[in-house]
Amino acid sequence: MSDTDAPLFYWHESPGNRFRVDVADFDEAETCEHCRPVYSADVVDRLRARVAELEAERTDDDALRERMADILKRTAVALRGPEPPLTAWSWHDLPERAAAAKDATP
Ligand SMILES: [Zn+2]
């Protein structure tokens, strides 16, 4: 974060005690468990936009992961046959099973 991304100020809020922290005490506020930083609207907007970007990336990653898992599951079933009830084939040995199946093919 750049200097303009620094908190505008801090609120110290502990039971029965709420006050705005002086600039001179910002270092202390950073480590105080009761102090909350207050950021400019610009910083908050940029952080919200970044969160939205990351959420979209995660959605894409989840979709990719699900497609890959489906491929692995179907490959395991193709190599080993239908899964027994309440069981899923492991994927750890798929490369070796695929190689063995290829070698067994005339
Ligand atoms: Zn504090």
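Here is how the numbers come out for the structure above:
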quantity: Residue check for Arg97: more than 28 Å from the chain's Cα centre (by Cα) and more than 30 Å from Pro7 (Cβ to Cβ); calculated: yes
quantity: Odd one out for Ala104 among (1) modelled with pLDDT of 95 or more; (2) farther than 30 Å from Phe9 by Cβ; calculated: (1)
quantity: Tally, over segment 5-25, of residues that are part of a loop (DSSP other than H, G, I, E, B) and over 29 Å from the mean Cα position of the chain (by Cα); calculated: 4
quantity: Count - residues of segment 1-49 that are of a type in the set (Ser, Thr, Tyr), surrounded by fewer than 10 Cβ atoms within 10 Å (Cβ to Cβ) and near the ligand (Cβ under 9 Å from one of its atoms); calculated: 1
quantity: Any hit, segment 58-65, residues being within 12 Å of the ligand (Cβ to nearest atom) and within 25 Å of the chain's Cα centre (by Cα); calculated: no
quantity: Set Arg65, Arg36, Arg50, Arg97: member being touching a residue at least 24 places away in the same chain (Cβ under 8 Å) and not hydroxyl-bearing (Ser, Thr, Tyr); calculated: Arg36
quantity: Qualifying residue in segment 51-61 (condition: of a type outside the set (Val, Ile, Thr), in a helix (DSSP H, G or I) and at pLDDT below 95); calculated: no
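The values are calculated or read from the model by the stated rules, or taken from the named source; none is laboratory data. Model, not experiment: these values are computed from the prediction. Note that each Cβ is placed from the backbone with ideal geometry, even for glycine, and that neighbours are counted across all protein chains shown.
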